[in-house]
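First up is the structure itself, then whatever we jot down about it.
Nothing in this text is a laboratory measurement; each read-out follows from the coordinates by a stated rule. Remember, it's a predicted structure, so these values are computed and weren't measured experimentally. Cβ atoms come from the backbone with ideal geometry, glycine included; neighbour counts cover every protein chain shown.
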Ligand SMILES: [Zn+2]
């Protein structure tokens, strides 16, 4: 069954602007040929990263196999980074697609969030979360880049 909520929410796409470097307000943590991990401005849980394909894709079915593989490896790396350096005792990965889910981004992404509250905070739309100061985003990105750089295998994977 295809998505019924296919919409063009943002044109031009805000994520594409970050991935191509036209906008630099979401610091890049790591990148590969097909995948990028960034620190988005809206940090509902401080330490959140977004893992996105470089190419504008809405539907996971539109990913080539090598893109899907790199994206999964990047999600795995960001989970490692999150759990190693964000003082979380668990993590949450979410993927909401389209406006009906409260998600303002139509560029395929995985949101990797550190969590420490039990029970978890009630769900709210990311669109309602205020922007985190740029300096705090830079600090989060630097911490995760340090985690990646500390291991030669992690560094080699993201040497793009
Ligand atoms: Zn895009």
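Below is a table of values for the structure above.
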quantity	calculated
Cα-based equivalent ellipsoid of the stretch 8-97: semi-axis lengths in Å, sorted from largest, via gyration tensor	21, 16, 12
Equivalent ellipsoid semi-axes - Cα gyration tensor, the stretch 14-157, angstrom	20, 20, 15
Simple label model, 7 Å out from Cα along Cβ direction - residue 117 to residue 72, nm	3.2
Projected label distance in nm at residue 143 and residue 85, using a 7 Å step from Cα toward the beta-carbon	0.9
Estimated FRET transfer efficiency (residue 134, residue 22; beta-carbon r; R0 25 Å; 0.05)	0.90
